[in-house]
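Engineer: One structure follows; several queries about it will come next.
The values are calculated or read from the model by the stated rules, or taken from the named source; none is laboratory data. Worth saying up front: this structure is predicted, and the values here are computed from it rather than measured. Protein only, heavy atoms only, side chains kept; ligands, DNA and RNA dropped before computing areas. Shrake-Rupley method; radii C 1.70, N 1.55, O 1.52, S 1.80 Å.
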Amino acid sequence: MESEKLKIFENRLLVAKLIIEVLKNKMTVSQALSNFPKEKNDINIKCAFDALIHREADEDLRSKISDYAQIQDEFLYDLANILRNNERLPQNIIEQYQKYHSENLMGEWDKPIKSIMKNFKRMINF
């Protein structure tokens, strides 16, 4: 039980680090997604994964709508801080992600780029 809690904390720290690396432009979204833990039981990691996918998918909105990129990046930064502190995301955030992302898009990342694109295309077709 204790080792399971430690693994969850380590995964959350990793995800927080990946998000921050993307926000600092030290890593692309696809690189970060390919390094995500394969943890499918932590809804907080799933939400972080989906939020990062949206950063890539919303590229046109980020360039067209004033402050969209800033607000989205602030949300990702807050999400990273919550995970870094080993806290759960607020329930309203989890509910919104489950509403629109009920299917697990994380998949297995053996072939990261192809898998990301396959899952991303599947998400767009909803």
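Engineer: When the accessible area of segment 1-104 is computed with all protein chains present and a 1.4 Å probe, what percentage of it is carbon and sulfur? Display every interim value, and only then the final one.
Structural biologist: Values: 2990 of 6160 Å².
Reported share for carbon and sulfur atoms: 49 percent.
Engineer: Compute the length gained on full extension between residue 17 and residue 81: take 0.36 nm times their separation in residues and subtract their Cα-Cα distance, giving the result in nm to one decimal. Provide the component values of the computation, followed by the final result.
Structural biologist: Numbers: separation 64, 0.36 × 64 = 23.04 nm, distance 0.94 nm.
Extra length available between residue 17 and residue 81 comes to 22.1 nm.
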